[in-house]
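Inspection log for the structure reproduced underneath, given as structure tokens.
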Amino acid sequence: MNLRFLGAVKGVTGSSHLIQFMDKKILLDCGMFQGKDEELNLEEFELNPADIDYLLLSHSHIDHSGRIPLLVKRGFKGDIYCSKPTYDLCEIMLVDSAHIQETEAEWKNKKALRQGKKLIEPMYTQIDAMESFQYFKPVQYDQIINITDGLTIKFNDAGHILGSSIIEMWFNEGNENVKLVYSGDIGMHDRPMLKDPSSIEKADYVIMESTYGDRVHDNIEQRTEELINIILKTTKRGGSVIIPSFAVGRTQELIYELNKYYDSNLEKIGTKENELKKIPVYIDSPLATKATEIFKNNANVFDSEARGYIMSGDNPLDFENLHFTQSAEESKALNLSVEPKIIISASGMCEAGRIKHHLKHNLWRKEASIVFVGYQAEGTLGRKLVDGEKIVKVLGESINVKAEIHNVEGFSGHADKIALLNWLRGFKEKPKTVFIVHGEEESKLNFAKEVKETLGINCIVPEYNVGYEIMKSKNVGEVLEVVHVEENKITSTASVKSSAKVNIKLINDLMTDLDELKEIFNHSYDNTKKYMTGNISIEDYKKINNTIIDLENELINLTMLTND
Ligand SMILES: [Zn+2]
């Protein structure tokens, strides 16, 4: 069995790693290269896509999923396993990505025509993207799935974006067993709505991200407070607040944080919190609107705080004065009135999309504020504004920057160095080797050094397309018996939509019962393993475990529907 690293080895984008196990080829992620590595996207895949049997997808971000339609276009016909929210998000994000490819190709071709040059094709079209969805096999977190002889997998919540997963893989070949864990991207603790990253107890080998392997985030606690203060100051002087934001993830976090702030200050009549409630908030991005719906439909994976809101009858992604604009006309109308408002729009780095219009109408107003809540890559309009440039070009026009520019940190989706080390500390037995990927060179090397020094774990910073043999660990690691492939039962909210009115109290009681049942069951299964008493077989364990997960999800979905 061996591992090859085909992306996210020279930088952070284009995540893709290949496992060769017996006669099977398994790909972990199939991401798009972005920024300086963009031209790598159109190169041939290192192996024939038709020869790949399985793709395990950690999450929906384009640098992990963006080349799936291209893989399918070039012959891939295997199964794509991912969590259910990841699948839902891919359905909108890959089509959106295709739309961007098409628009870009069209624009380049107009130029090529004028210059008598050869026309190009988009990397993939919206039809290609839709074609790829037939290969997806969404699963629930914590389900134990045997995908082929000798390979069992489990997706665990990575707390990085809705649906993001840490993937556990158990390989079994004759007497040899190897457990491999792929971290995907790991989130920070206490992110809005999301659970903290799952800790994993055992692994022989780990493939791990290191985006912030040499950085520590600060300002996490103050982020909302800072944002609220900017909003109040700006609107008081008659200006609007423009927030360029990534449509998927960051925008929903902002909605959630605002809702939470309103809720936690409900009783303070006549205070700034109430002033804040009167300011209209517009989500002006069709993709963000669709993504918000997907978040609502996957409330079963929310953390306990967000579930608490749902259980108390509050939809945490909705509040009075929150508006979603759909058409381009509605979007343009936002700039016709000078009434102070908050506009959250994409793209997050101001490179495309409706945000450009809002910047054009507000950058020159000294009473307005532009608030950045995410990373701004070099060369982007967002970065220029953060760097303090006084004249910028927006939609072909030179604009004098008079608005206040703010950069609110603390919304990062990636674990910092301390959180990454803590995640590794969670392993009860030290892994043999950690392969460090998905980081700038310096970050990877520094993190590898830190892991070796503080945790005593061997680290490898892998080279591009070099094979690493890992089937050398006879009977080491946690062994799961081989179980049968199970048709994955995915709860669709559509199936419960008909039962519109459900008693909230009844659901609460059922949840409590289910929690109790889960505890008793896990305890008795532990005893079976430890003392060989009782007689729960691995088959039964898997069945009961998966049923409990299904029930839990059904209940949360039901509650969410009654809140709509
Ligand atoms: Zn990511």
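How many of the residues making up segment 371-413 are small (Gly, Ala, Ser), away from the ligand (no atom under 16 Å from the Cβ) and buried (at least 19 other Cβ atoms within 10 Å of the Cβ)?
So the count comes out to 2.
Any residue in segment 47-60 that is in contact (Cβ under 8 Å) with a residue 24 or more places away in the chain and in a helix (DSSP H, G or I) sitting within a Cβ distance under 6 Å of a residue that is more than 16 Å from the ligand (Cβ to nearest atom) and open to solvent by 10 Å² or more (accessible area, probe 1.4 Å)? List the pairs, counting only those 6 or more apart or interchain.
49/74; 49/75; 50/75; 51/25
What number of residues within segment 82-128 are touching a strand residue (DSSP E or B) at 6+ places or on another chain (Cβ under 8 Å) and either loosely packed, with under 14 Cβ neighbours inside 10 Å or not assigned by TED's automatic domain parsing to the domain that holds residue 163 (or both)?
0
Just give me the residues in segment 91-138 being touching a Phe, Trp or Tyr at 6+ places or on another chain (Cβ under 6 Å) and outside any helix (DSSP H, G or I), in sequence order.
Of everything in segment 91-138, those that are touching a Phe, Trp or Tyr at 6+ places or on another chain (Cβ under 6 Å) and outside any helix (DSSP H, G or I) turn out to be 136, 137, 138.
Tell me, which residue of segment 172-189 that is open to solvent by less than 20 Å² (accessible area, probe 1.4 Å) and within 16 Å of the ligand (Cβ to nearest atom) is farthest from residue 17 (Cα to Cα)?
Filtering first and then ranking leaves 187.
Are any of the residues in segment 152-163 open to solvent by 10 Å² or more (accessible area, probe 1.4 Å), within 27 Å of residue 415 (Cβ to Cβ), within 16 Å of the ligand (Cβ to nearest atom) and of a type in the set (Asp, Glu)?
Looking for residues that are open to solvent by 10 Å² or more (accessible area, probe 1.4 Å), within 27 Å of residue 415 (Cβ to Cβ), within 16 Å of the ligand (Cβ to nearest atom) and of a type in the set (Asp, Glu), one finds at least one in segment 152-163, hence yes.
For segment 273-297, what are the residues that are out of contact with any Lys or Arg (no Cβ under 7 Å at 6 or more places or on another chain) and in a loop (DSSP other than H, G, I, E, B)?
278, the sole residue that qualifies.
Filter segment 24-46 for residues that are at positive phi and either free of Cβ contacts under 8 Å to residues at least 24 places away in the same chain or surrounded by 17 or more Cβ atoms within 10 Å (Cβ to Cβ) (or both) and give the result. Steps first, answer last, please.
Looking only at segment 24-46, we keep the residues that are at positive phi, and these are 29, 35.
29 - this is the single residue of segment 24-46 that is at positive phi and either free of Cβ contacts under 8 Å to residues at least 24 places away in the same chain or surrounded by 17 or more Cβ atoms within 10 Å (Cβ to Cβ) (or both).
So, in segment 414-440, how many residues would count as being within 16 Å of the ligand (Cβ to nearest atom), touching a strand residue (DSSP E or B) at 6+ places or on another chain (Cβ under 9 Å) and closer than 30 Å to residue 387 by Cα?
8
Looking only at segment 57-90, count every residue that is within 15 Å of the ligand (Cβ to nearest atom) and in contact with a Phe, Trp or Tyr (Cβ under 6 Å, 6 or more places away or on another chain) and tell me the total.
Going through segment 57-90 one residue at a time, the tally reaches 1.
The values are calculated or read from the model by the stated rules, or taken from the named source; none is laboratory data. Model, not experiment: these values are computed from the prediction. Cβ sites come from the backbone with ideal geometry, for glycine too, and all protein chains shown count toward neighbours. Keep in mind that these areas ignore ligands, DNA and RNA; they rest on the heavy atoms of the full protein, side chains included. Shrake-Rupley method; radii C 1.70, N 1.55, O 1.52, S 1.80 Å.
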